[in-house]
1. Would segment 65-82 turn up any residue that is in contact (Cβ under 8 Å) with a residue 12 or more places away in the chain, out of contact with any His (no Cβ under 8 Å at 6 or more places or on another chain), farther than 25 Å from Leu218 by Cβ and surrounded by fewer than 16 Cβ atoms within 10 Å (Cβ to Cβ)?
2. Residues being farther than 28 Å from Tyr229 by Cβ and at pLDDT below 95: count how many of those fall in segment 120-158.
3. From the list Thr206, Thr213, Thr148, which residue is without any contact (Cβ under 8 Å) to a residue 40 or more places away in the chain and within 14 Å of the chain's Cα centre (by Cα)?
4. What helices (runs of 4 or more DSSP H) lie completely within segment 147-251 and have 3 or more residues being surrounded by 14 or more Cβ atoms within 10 Å (Cβ to Cβ)?
5. For segment 37-124, list the strands (runs of 3 or more DSSP E) that sit wholly inside it and hold at least 1 residues that are over 27 Å from Ala143 (Cα atoms); which are they?
6. Output yes when any residue across segment 119-142 is more than 15 Å from Ala7 (Cα to Cα), among the aliphatic types (A, V, I, L, M) and in contact with a Gly (Cβ under 8 Å, 6 or more places away or on another chain), and no when none is.
Amino acid sequence: MKSDFFAMSGQSNMQGQSECYAPFEAPASACREYKILSDRFETVKNPSGEDVRVNGEDLLLGAHQGFSSPVPYFADEFYRISGFDATYAHVAKGATIVKQWLPGTNRYNMLIEKLSKALKKAEDEGIEIVSKNFVWLQGESDAIENNTRVQYKKELIDLWEHLKKDLGFEKFMMIRVGYFYEFPCERIMLAQEELCRERYDFYMLTDITASFTIENGLMQRLDQAGFHYTNKGYEVVGREAGAAAARILHG
């Protein structure tokens, strides 16, 4: 069996921080998510991911409180558009800046460990991985920290070059960050756009999150978590990104 591989990474909106649980799962016959704690594949569904803690440190987290994330909708749309099998690993953690994902950190070590084990599990089960893709939804925390456009690009390239060297990843697929409550994210948006223009291996999947608001039901109210998407928002961005990934990989 041939399969594309997607690492779904970033901070809270990739981790999943919706307002409540929304039952949904992608086709089990063609979409699987690797869980490192049990060393097995499961159907890609809400909630995605898992809590991975080492010595009391949260290195990776699953969807908050067992709620929802964009991952199952991405998987469903990717398969619907491409008809191609795909294997997923959810490797996200909310409230993180790029620097906290870089080589030398415990989080990077766990990122590599989980992705390595996912790829090995696929090999053991006779799944031939034909592409390795890193999908990134992150940037709000770098905006809060007032990190510059230049710094953000430099650190993201550093992360990417190590992922290519250590695990042979081929395509960096960007979900451009949206607006973030009181903190303007324009310089992070600009950095992400520039990377996708300047680098042959960076691809912009979608910039749709900039249209998310409380009024259109895609962003949560300020008295909930005004910087996280709703279940509806996760479905919209997941499907937009999944469809774009299908076009990039399979025309």
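1. No.
2. Number satisfying all stated conditions: 0.
3. Thr206
4. Once the helices (runs of 4 or more DSSP H) in segment 147-251 are filtered for at least 3 residues that are surrounded by 14 or more Cβ atoms within 10 Å (Cβ to Cβ), what remains is 149-167, 186-198, 231-250.
5. Where strands (runs of 3 or more DSSP E) fall fully within segment 37-124 and carry at least 1 residues being over 27 Å from Ala143 (Cα atoms), they are 40-43, 52-54, 86-92.
6. No, that holds for no residue.
The values are calculated or read from the model by the stated rules, or taken from the named source; none is laboratory data. All of these numbers come straight from a predicted model, not from anything done at the bench. Ideal geometry is used to build each Cβ from the backbone, glycine not excepted, and the neighbour counts take in all protein chains shown.
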